[in-house]
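Enquirer: There's a structure below that I have some questions on.
The values are calculated or read from the model by the stated rules, or taken from the named source; none is laboratory data. From a predicted model like this one, the values you see are computed outputs, not experimental measurements. Note: ideal-geometry Cβ built from the backbone for every residue, glycine included; neighbour counts use all protein chains shown.
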Amino acid sequence: MPDLSSGYVADYERDGYAVVRNVFSPEEIAAIGAAIDQVHEEGVAHGRSFRHGNLFYKIEPNEAGPAVVRMVQWLSYHQPVLNAVRLDRRFVDILSPLIGRDLKQIINQVHWKEPGGKGDFAWHQDSRFRLPEAAYRNLGTSYVQTGLAIDPHNPGSGGMRFVPDSHRRGTLNLDTSVEVLGTAMDDAALVEAGLSPEKVVDLVLEPGDVALWNPYLVHASGVNGAVHRRRLYINGYVRADDCDRGEWAFRDGEPVPFGAEPALVHYEQLRQRGEPHYV
Ligand SMILES: O=C(O)CCC(=O)C(=O)O
């Protein structure tokens, strides 16, 4: 069981991020990792980006070898092990001091970084992606992003980097004209936004640890120089009263299974074009 008396709530409020260690056991991580690998194989077999409702495989075709699976969103619709993780009570236990026990979910995705491959994320704030803006209220205090490490997550493996305390500054002047995924982090962007590159910290996680970060926290990540793949399972939860989008995850702390129809999250064409198709 994670140690919930570790001071992570105070860390989160002060720095805009926190880490809870040993949330999932090595045995659980082995099973979750195998489920994630299964989704990866499906992505490679698709060979290019594919969507079915909210489920979305972001794939880079590759003439020289297997297609590169960058990320898959909402894999829980069809992968039961991963669905059980997003609804695991440990998440609501960790999150309830911050955003309560009635939670919807906006993000459910895995990011892969192949050894030696690309896979950078430019400096950004996740608030940029919480759209439409009118669907979110009190974003800074109602939304928490979580990342479960499946592999050792550190500067050598393309781990995330945070600017502590940047979450207090609201929307910062970071370039939003470029794609975040696939653009290298450039400290000049921090200077431009009035932040100091010297303050940057590396996120270091062991498999089974969970990081939490605020939607306004400035963060990025680099390439994977390790010999292993770097997998990160990201689930983003929001206080239900403060959001008109998303799938329910917990009501009064109890897990809520998916309904008969998927909920509107980010994919605006969900009702018009929900059928499986390549993009
Ligand atoms: O997976 C990563 O390294 C970066 C994740 C990230 O920046 C995000 O999800 O906003």
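Enquirer: When you go through (1) farther than 18 Å from Gly16 by Cα; (2) within 16 Å of the ligand (Cβ to nearest atom) one by one for Ser127, which number turns out not to apply?
Expert: (1)
Enquirer: Moving to a separate point now. Please work out if Ala45 is over 28 Å from Tyr143 (Cα atoms) and either part of a strand (DSSP E or B) or not basic (Lys, Arg) (or both).
Expert: Taking the combined requirement at face value, the residue satisfies it.
Enquirer: If only one of Leu87, Leu95 is away from the ligand (no atom under 16 Å from the Cβ), under 21 Å from Gly33 (Cβ atoms) and either free of Cβ contacts under 8 Å to residues at least 40 places away in the same chain or crowded, with 18+ Cβ neighbours inside 10 Å (or both), which one is it? Walk me through it before giving the result.
Expert: On the way: Leu95 fails: under 21 Å from Gly33 (Cβ atoms).
Just a single option satisfies the conditions, and that option is Leu87.
Enquirer: Output the qualifying pairs, or none if there are none: Cβ atoms under 8 angstrom, residues six or more apart or on different chains, first residue in segment 207-222 and closer than 10 Å to His167 by Cβ, second residue assigned to a loop (DSSP other than H, G, I, E, B) and of a type in the set (D, E, K, R).
Expert: Sorted first by the residue in segment 207-222, then by its partner, the pairs are Pro215/Arg130.
Enquirer: So Ser127 clears everything in (1) over 19 Å from Gly170 (Cβ atoms); (2) assigned to a helix (DSSP H, G or I) except one condition, right? Which one?
Expert: Failed condition: (1).
Enquirer: Then there is this: Checking Lys118 against (1) among the basic types (Lys, Arg); (2) away from the ligand (no atom under 16 Å from the Cβ); (3) assigned to a loop (DSSP other than H, G, I, E, B), only one condition comes out false. Which one?
Expert: Condition (2) is where Lys118 drops out.
Enquirer: All but one of (1) part of a helix (DSSP H, G or I); (2) free of Cβ contacts under 8 Å to residues at least 60 places away in the same chain; (3) under 30 Å from Pro164 (Cβ atoms); (4) not hydroxyl-bearing (Ser, Thr, Tyr) hold for Asp3; state the number of the condition that does not hold.
Expert: All conditions are met except number (1).
Enquirer: Residue under question is Ala18, and the condition is that it be part of a strand (DSSP E or B), small (Gly, Ala, Ser) and surrounded by 14 or more Cβ atoms within 10 Å (Cβ to Cβ); does it hold?
Expert: The answer is yes for Ala18.
Enquirer: Please enumerate the residues belonging to segment 72-122 that are of a type in the set (Phe, Trp, Tyr) and either farther than 19 Å from Cys243 by Cα or out of contact with any Gly (no Cβ under 8 Å at 6 or more places or on another chain) (or both).
Expert: Tyr77, Phe91, Trp112, Phe121
Enquirer: Out of the residues in segment 152-161 that are within 10 Å of the ligand (Cβ to nearest atom) and outside any helix (DSSP H, G or I), which is surrounded by the fewest Cβ atoms within 10 Å (Cβ to Cβ)?
Expert: First, the residues of segment 152-161 that are within 10 Å of the ligand (Cβ to nearest atom): 153, 157-161.
Of the ones still in play, those that are also outside any helix (DSSP H, G or I) are 153, 158-161.
On the way: His153: 27, Gly158: 25, Gly159: 24, Met160: 24, Arg161: 19.
By that ranking, first place goes to Arg161.
Enquirer: Another question, then. Residues in segment 60-81 that are away from the ligand (no atom under 16 Å from the Cβ) and either part of a strand (DSSP E or B) or hydrophobic (A, V, I, L, M, F, W, C) (or both): how many?
Expert: Result for segment 60-81: 3.
Enquirer: Which strands (runs of 3 or more DSSP E) does segment 162-279 wholly contain that include 1 or more residues that are surrounded by 13 or more Cβ atoms within 10 Å (Cβ to Cβ) and within 16 Å of the ligand (Cβ to nearest atom)?
Expert: In segment 162-279, 210-213, 219-221, 230-239 are the strands (runs of 3 or more DSSP E) which contain 1 or more residues that are surrounded by 13 or more Cβ atoms within 10 Å (Cβ to Cβ) and within 16 Å of the ligand (Cβ to nearest atom).
Enquirer: Looking at Leu148, Leu103, can you tell me which residue is surrounded by 15 or more Cβ atoms within 10 Å (Cβ to Cβ), at pLDDT 95 or above and more than 20 Å from Val201 (Cα to Cα)?
Expert: Every option except Leu103 fails the conditions.
Enquirer: Among (1) closer than 25 Å to Val92 by Cα; (2) within 12 Å of the ligand (Cβ to nearest atom); (3) small (Gly, Ala, Ser), there is one condition Ala135 misses while meeting the rest; what is its number?
Expert: Condition (2) is where Ala135 drops out.
Enquirer: Filter segment 48-84 down to residues that are under 30 Å from Gly116 (Cβ atoms), crowded, with 16+ Cβ neighbours inside 10 Å and among the small types (Gly, Ala, Ser), then give me how many there are.
Expert: Adding up the residues that qualify gives 3.
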